[in-house]
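Q: Got a structure for you, written out below as structure tokens; questions coming shortly.
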Amino acid sequence: MNSGESYLQQEVDWIENSGEMPEVAFYEALYCLTEEEGPKLTLTLSDIKRLEDAAINRFKTIILRDLKFANRRLSIFRGLKRAIINYNRLKKYQKRKNRIDPGQEKMIGRFLLEYIRRECEEISDGRDYRTINCTREELEQFADELGVNIAPEHNDICFEHIPLTFDEVYRATLLSEKQDYPYKFIYDRGNYCEIVIFNKKKQKFYISLKVFCEKEDSDGKNMRLKTDAVYRSLSKSIPPWEIS
């Protein structure tokens, strides 16, 4: 591999592992490779296509990240609303670059339907909040663009409970899955409520769930509804000792 190819591959790898703005990463890589501060390469159309491919791959990675139901327990999770935003960004980027991927809608659609199927299963099993943080209209439009059909009864189930933010979903999922912390408790902190879990040694788990009172929620009703929904959904007991 010559030095020019090595520089190009480094930028391809960097784009594919970049953050939430793959298009920005593409233009930064282009600048780095061709301008005076970098190796000053003369890129061919094939080279530029490789950089574009890397940006497209990164878009798909972060879209699918937020459509994988199991990722709710990971701090990288950003929820369906972000998946929809990134899908729209991907489509705009592909249009500007005159790129077409005829199989991507089918692939993303499969992930969306699986997410909804598992969401409905958990709600039907007794979970009192929803992890879908977009509106019903946004979800329906997303499904339509992907060419998939959401069963009406699934749509109804998905939106029958109060939504959580993606960070609240991550924390609620993590708390619910910690089987070695069998006790739960709510602290009323005034402008927010905090749900904590304890193990049998009376030790708190190092992550808690804080539900804040937003400006539009002046009386704290939405905060309390969220807190109660998560608390009731945790299959844990009240501690058998006094909590201060």
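Q: When ranked by the protection proxy of mean other Cβ atoms within 10 Å per residue, highest first, what sequence do the peptides 49-59, 103-113, 88-98, 233-243 form? It would help to have the intermediate numbers written out before the result.
A: Details: 49-59: 19.7, 103-113: 16.4, 88-98: 14.1, 233-243: 12.5.
Descending packing order for the listed peptides: 49-59, 103-113, 88-98, 233-243.
Q: Tell me what the chain gives for mean residue ellipticity at 222 nm when only DSSP H runs of n ≥ 4 count, each as -39,500 (n - 2.57), the sum divided by the residue total, rounded to 500 deg cm²/dmol.
A: Calculated from helices alone, the mean residue ellipticity at 222 nm is -17500 deg cm²/dmol.
Q: For E214 and L74 in the same chain, what is the full-extension length gain: residue separation times 0.36 nm, less their Cα-Cα distance, in nm?
A: In short, 48.0 nm is gained.
Q: So if R0 is 25 Å, what FRET efficiency would F205 and E20 give, r being the distance between their Cβ atoms, rounded to the nearest 0.05?
A: 0.35
Q: Let me have the relative contact order for the range 166-233, percent, based on Cα pairs under 8 Å that are six or more residues apart. Present the calculation step by step, with values, prior to reporting the outcome.
A: Numbers: 89 pairs, mean separation 19.1, N = 68.
Relative contact order here is 28 percent.
Q: If you don't mind, another one. Apply 1/(1 + (r/R0)^6) to the Cβ-Cβ distance of R232 and N88, taking R0 = 30 Å, and write down the FRET efficiency to the nearest 0.05. Before the final figure, lay out the partial values.
A: Working: r = 35 Å, r/R0 = 1.17.
Working from the Cβ atoms, E equals 0.30.
Q: For the range 51-63, take each phi angle, set θ = phi - 60°, evaluate the Karplus expression 6.51 cos²θ - 1.76 cosθ + 1.60, and give the result in whole Hz per residue in order, putting x for glycine and proline.
A: In residue order, the calculated couplings are 5, 5, 4, 5, 5, 4, 4, 5, 4, 5, 4, 6, 5 Hz.
Q: Then there is this: Does a label point 7 Å from the Cα of R136, set along Cα-to-beta-carbon, have any residues of the range 103-123 with amide nitrogen under 20 Å, and which are they?
A: What the label zone holds, given the 20 Å backbone N cut-off, is 113, 115-123.
Q: Continuing with this model, one more query. Can you tell me the order of 162-170, 122-130, 217-225 when each peptide is scored by its average per-residue count of other Cβ atoms within 10 angstrom, highest first?
A: 162-170, 122-130, 217-225
Q: Where does each of 134-144, 62-72 land if you order them by average Cβ count within 10 Å, highest first?
A: 62-72, 134-144
Q: Something else about it: With the crude spin-label approximation of a point 7 Å out along Cα→Cβ, what separation in nm comes out for K178 versus I243?
A: It works out to 1.2 nm between the two label points.
Q: Suppose R0 equals 22 Å; then what is the FRET efficiency for I100 and I48 from their Cβ-Cβ distance, rounded to the nearest 0.05?
A: 0.85
Q: If you take log10 I(q)/I(0) by the Debye sum over Cα atoms at q = 0.11, 0.17 Å⁻¹ from the coordinates, which of (1) -0.85, -1.22; (2) -0.71, -1.17; (3) -0.67, -1.33 do you get?
A: (2)
Q: Once you have the Cα-Cα distance between D167 and F185, take 0.36 nm times their residue separation minus that, and quote the gain in nm to one decimal.
A: 4.6 nm
Q: Please report, in whole Å³, the volume per residue of the convex hull around the C-alpha atoms of the range 166-233.
A: 79
Bear in mind that the values in this text are calculations on the coordinates, not laboratory data. On a predicted model such as this, the values are computed, not experimentally measured, just so you know. For neighbour counting, all protein chains shown are included, and Cβ atoms are generated from backbone atoms with ideal geometry for every residue, glycine included.
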